[in-house]
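A quick write-up on the structure given underneath.
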Amino acid sequence: MTALTLCQVTVRYDGPHGPVTAVDGVSLDIPAGTTVGLVGESGSGKSSLARAVVGLTPLSGGRIILDGREVGGRTVRARRHLGRRVQVVFQDPDTALDPRMTVRQTLEEAATAFRRLDRRARSERVAGLLDLVGLDPRLADRLPRQLSGGQRQRVAITRALAVEPDVLIADEITSALDVSVQASVLNTIRRLQRQLGLSMLFIGHNLPAVCYVSDVVAVMHRGRIVETAPTTALLRDPQHPYTRALLTSVPILNAPPPGEPAAPALPALPALPALPDEKLS
Amino acid sequence: MSVPTRSRRSLPSSPLAWVAATMLASLVLLALAGPLVWGAAADRPDPSAVLQGPSAAHPFGTDNLGRDLLARVLTAARPSLLLALSATLLGAAGGVVLGASTAVVGPRTRRWLATLINLLLAFPALLVALFLAVVLGAGAGGALFALAVASVPGFARLAQTLAAGVSGTDYLAAARVLGLRRHRLLRRHVLPNIAEPLLLSTTMAAGTALVALAGLSFLGLGVQPPAYDWGQLLNQGLDRVYAQPLPALAPGLAILYAALTFQLLGEVLAGSAARRAHAPQSPPTAPLPATLPAPLPVPDGPAGDDHVLQDHVLQVEDLTIELPTPAGVIRPVRGVSLSLRAGEIVGLVGESGSGKSLTALALAGLLPEHARVGRRTHRLLGADLTAMTRKERHHHLATGLAVIFQNPASALNPSLRIATQLTEAIRTHRGASRTEAAAQAEAALRRVALPPSLLRSRPHQLSGGQRQRVMIASGLMVRPALIIADEPTTALDVTVQRQITELLSDVRRDTSAAVLFISHDVALVAGLCERVLVMYAGTVVESLPADRLATATRHPYTRALVESVPDLTADRDRPLRTVEGGPPDPLAPAAGCPFQPRCPHRRHRCAEDVPALTDLDPGHRVACWYPLPAPAKATAS
Ligand SMILES: Nc1ncnc2c1ncn2[C@@H]1O[C@H](COP(=O)(O)OP(=O)(O)OP(=O)(O)O)[C@@H](O)[C@H]1O
Ligand code: SF4
Ligand SMILES: [Mg+2]
């Protein structure tokens, strides 16, 4: 089991009006075998953080530490080293898979990225992986366009697991899915946590979904982490005003009938941002 | 779906394809057999027959050594084609590697490469070819190399553009994270995905290269005697073109024929690629039944629904939509009935593709031209829309209802100021004056809690939440009796979503407009609406008071949908409810209940008869033969 630590991670992009800081000195600890959820509004820097951790976006500052040793992602060699241990799954099931490769080819490529397998071992591995995420082995020879969104997303998760990483980063993996499909992907994640003891960073904007799979939840707002707490503690006793605003805004199925206010009014909500402030976004 | 695709690929399907294939075959045959059959005749000098015109023995005449020109033209096919193809392939290979590698290198190298390609593109290809041919010295090798180099920038730019499409995808990012080396990325992920369009342009380029090479030979820069190609022959023939046109014309025609072949081939390939791109991409489903099932029986509403309901803002019965698609006609909406009273807020939920948006568009008269709509009744504010002319209907809809879409960015015209967009509708439909309209626009903005100063800004200066407010303000301008909001908050963050839904509730309370709120978020709808309609596969399967959604649903699909939603208090050790399988194929709806293949409670009857939407009690209707039992406490409330 592996622990991932982010230390003062900063990501800046070149915007049309000078550099834009997407991630601003984020420190986060993902202890071995736990899942940390990361929630925040769109544009708060969640995806930039995920891409920076796996070396797809260069760091402007800070360090990424795996089991006490700093890792970099600048060169192909460093990325190979990192990729063997940290894998990522992205949001959009439509572009997650190479449209010209069958499920089998995709998974074999990932399974053989870091180790040699002969043909028999390879096909056994593919069957085992599909079984792990609860996909019908007959899907192995299909192309991505012949799969549903949920199936595609599960193949993308499987591809990440094929290299047997120690840490999995899931970036909004259920956002593009219908609720019923989201449920099966969330169940898959829960099962994998138990079976594999993965350490995981689960990023999302849907608070209930993130809370369902996370042991600890971190709340991100405008590039910074404003609060980190164990899931139950965060739900019971949110500290930061933004966390409170987030919690009161989550629609709840068992809400009182309309007519009465559905939830207490929103004193904590930031006032409507002034226009000039918004021009940046 | 793969079977028809494959057969289409291997068999030419159009007459044009047959022509192109035949022409290509003739060229290949000529290049293979030409030198073997006519090579000897082409090289045999005949001092007794120099520079003859066409005759029976020499149909195209002879050259200055008395060699037969027909044989020479036929023999020259091989070198001409070989040279052109090699030059094209060489150029394409260089260009594609240069251009495609922009997708897999680091940002700095990418910038360098892009600059290099731009720089190379600045030189006209023909000039480069001529220059290089001169520098390298006359000869076939030099000409080939010159042309290849000259075509590199064009190919590089094309490959660069195509590769840019791949480089942004998640699968390439995932492959990078897998640590694949650059050449692997290029070979496995970039090249296969850009190969098709590249092949097309390479084919077309081969035609151009053929002409260009002939041109170089013609200028004496290409193939040198005693070797010869079509350009050479053309050159020699031209000396006496006024006396005997045929010796010059024949190689010219040969060049034309070959160039045309490549061009046509390119067109045909492009055409079939475009057709394949349009082929349906839906997941394969169970084998299709040979015939479509008979139309659904009309679900009978309760007697009270059939006559005109005076306090109803909107009344639609048996709405059916048919859409032609390349794969056949689909019926994404099949017999939907709904009605809204003034001031009522009704939710419409269902998963992606269940027909929610199309229903909304039909209600607003915004369906695409080719859609066919059927409905028994469609009344807005008591007026029968089915009896109106197109123009009257348009006017009535424009002044009676407002539609708010999911993506406010695309619903607002980016180049117009907010003021213009807000006032447009009332100035055309209500004939309001400019100052009147401006005053109303200010009021509408205040209504949605935006400062009037915003009137002078343009859409890109606003945040997503502000844009959605502007959309609502613009809807309010016509003082609509009905607001249809199609996923108005899906693109927004929860905190902003909360503000927008509260705004909608306020508007409804203050103006007593009815609101049809479409969403796939069951929890959101449950909290906001009074009544909820649940759609599945184009039909309404349940209609119930919103407060029953959490615990008192009766349709198996609704129950499953609700149970699959995690909430903040969800027990993390219990798996969430899921529904195996997917929605039915819109091209091949089966008989019986649409949910039947996935329903855990199905029985015999479900596969045969379609359950109609029937009353369980006032306010709760369900389309299921065997509704789930109602929980005891829910009936009490
Ligand atoms: N212009 C069109 N041409 C052909 N088919 C269409 C067209 N628009 C929609 N469809 C099909 O009609 C069905 C219903 O589409 P609709 O957009 O109403 O779904 P929806 O319930 O709004 O889904 P979502 O939640 O994803 O917005 C789908 O199968 C869709 O593919
Ligand atoms: S009619 Fe039958 S198949 Fe359809 S939902 Fe009801 S029980 Fe299930
Ligand atoms: Mg829709």
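The values are calculated or read from the model by the stated rules, or taken from the named source; none is laboratory data. No experiment lies behind these values; they were computed from the predicted model shown. Cβ placement follows ideal geometry from the backbone for every residue including glycine, while neighbour counts extend to all protein chains displayed. Only protein heavy atoms, including side chains, enter the accessible area calculation; ligands, DNA and RNA are left aside. Shrake-Rupley method; radii C 1.70, N 1.55, O 1.52, S 1.80 Å.
Per-structure values
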quantity	calculated
Region A:124-138, residues that are of a type outside the set (A, V, I, L, M, F, W, C) and surrounded by fewer than 17 Cβ atoms within 10 Å (Cβ to Cβ)	A:124, A:128, A:131, A:134, A:136, A:137, A:138
Residues satisfying the stated conditions in region B:452-462, i.e. within 8 Å of chain A (Cβ to nearest Cβ), under 21 Å from residue B:489 (Cα atoms) and open to solvent by 20 Å² or more (accessible area, probe 1.4 Å)	B:461
From the options B:501, B:551, residue that is more than 15 Å from ligand 2 (Cβ to nearest atom), of a type in the set (S, T, N, Q) and open to solvent by 20 Å² or more (accessible area, probe 1.4 Å)	B:551
Residue count for region B:320-372, restricted to those that are open to solvent by 40 Å² or more (accessible area, probe 1.4 Å), part of a loop (DSSP other than H, G, I, E, B) and near ligand 1 (Cβ under 7 Å from one of its atoms)	3
Residue that is farthest from residue B:558 (Cα to Cα) [pool: residues in region B:580-595 that are open to solvent by 40 Å² or more (accessible area, probe 1.4 Å) and more than 28 Å from the chain's Cα centre (by Cα)]	B:591
Only one of B:612, B:560 that is away from every other protein chain (no Cβ under 12 Å), farther than 16 Å from residue B:355 by Cβ and either within 16 Å of ligand 1 (Cβ to nearest atom) or not β-branched (Val, Ile, Thr) (or both)	B:612
Pairs with Cβ under 8 Å, 6+ apart, first in region B:351-369 and in the same structural domain as residue B:384 (by TED's automatic domain parsing), second open to solvent by 30 Å² or more (accessible area, probe 1.4 Å) and near ligand 1 (Cβ under 7 Å from one of its atoms)	B:351/B:520; B:352/B:520; B:353/B:586; B:356/B:520; B:367/B:358
Criterion violated by residue B:158 - all others in (1) away from every other protein chain (no Cβ under 14 Å); (2) in a loop (DSSP other than H, G, I, E, B) satisfied	(2)
Qualifying residues in region A:78-99 (those that are surrounded by fewer than 17 Cβ atoms within 10 Å (Cβ to Cβ) and at the interface with chain B (Cβ under 9 Å from one of its Cβ atoms)) - the one nearest to residue A:36 (Cα to Cα)	A:94
Members of region A:31-61 found to be open to solvent by 20 Å² or more (accessible area, probe 1.4 Å) and of a type in the set (D, E, K, R), listed by number	A:41, A:51
Helices (runs of 4 or more DSSP H) contained in region A:15-128 and holding at least 2 residues at pLDDT below 85 and farther than 25 Å from residue A:194 by Cα	A:76-85
Residue in region B:515-524 that is of a type outside the set (D, E, K, R), closer than 20 Å to residue A:249 by Cα, within 10 Å of chain A (Cβ to nearest Cβ) and part of a strand (DSSP E or B) present	yes
Selection count where residues are closer than 15 Å to residue B:97 by Cα, open to solvent by less than 10 Å² (accessible area, probe 1.4 Å) and either more than 9 Å from chain A (Cβ to nearest Cβ) or not in a helix (DSSP H, G or I) (or both), scope region B:178-218	3
Conditions (1) away from chain A (no Cβ under 11 Å); (2) open to solvent by less than 10 Å² (accessible area, probe 1.4 Å); (3) under 19 Å from residue B:480 (Cα atoms); number of the one not met by residue B:542	(3)
Residues located in region A:139-178, provided they are β-branched (Val, Ile, Thr) and buried (at least 23 other Cβ atoms within 10 Å of the Cβ)	A:155, A:157, A:158, A:167, A:169, A:173, A:174
Test: residue in region B:158-177 that is touching a Gly at 6+ places or on another chain (Cβ under 6 Å), crowded, with 20+ Cβ neighbours inside 10 Å, at pLDDT 85 or above and farther than 23 Å from residue A:78 by Cβ	yes
Test: residue in region B:467-486 that is outside any loop (DSSP other than H, G, I, E, B), in contact with a Phe, Trp or Tyr (Cβ under 6 Å, 6 or more places away or on another chain) and either of a type in the set (Phe, Trp, Tyr) or within 16 Å of ligand 3 (Cβ to nearest atom) (or both)	yes
Options A:29, A:67, A:24: the member that is in contact (Cβ under 8 Å) with a residue 60 or more places away in the chain, within 26 Å of residue A:175 (Cβ to Cβ) and more than 12 Å from chain B (Cβ to nearest Cβ)	A:24
Residues that are surrounded by 24 or more Cβ atoms within 10 Å (Cβ to Cβ), facing another protein chain (nearest Cβ under 8 Å) and within 14 Å of the chain's Cα centre (by Cα), drawn from region A:183-206	A:186
Lone unmet requirement of (1) farther than 30 Å from residue B:325 by Cβ; (2) open to solvent by less than 20 Å² (accessible area, probe 1.4 Å) for residue B:266	(1)
Check on residue B:106, closer than 22 Å to residue B:215 by Cβ and either modelled with pLDDT under 90 or not assigned by TED's automatic domain parsing to the domain that holds residue B:162 (or both)	no
Region B:534-560 residues that are under 16 Å from residue B:614 (Cα atoms) and part of a loop (DSSP other than H, G, I, E, B), paired with ones that are open to solvent by 20 Å² or more (accessible area, probe 1.4 Å) and modelled with pLDDT of 90 or more (beta carbon under 9 Å, 6 or more apart)	B:553/B:559; B:554/B:548; B:554/B:616; B:554/B:624; B:554/B:627; B:554/B:629; B:555/B:624; B:555/B:627
Matching option when the condition is more than 16 Å from ligand 2 (Cβ to nearest atom), of a type in the set (A, V, I, L, M, F, W, C), in contact with a Leu (Cβ under 8 Å, 6 or more places away or on another chain) and at pLDDT below 90, among B:298, B:308, B:346, B:268	B:268
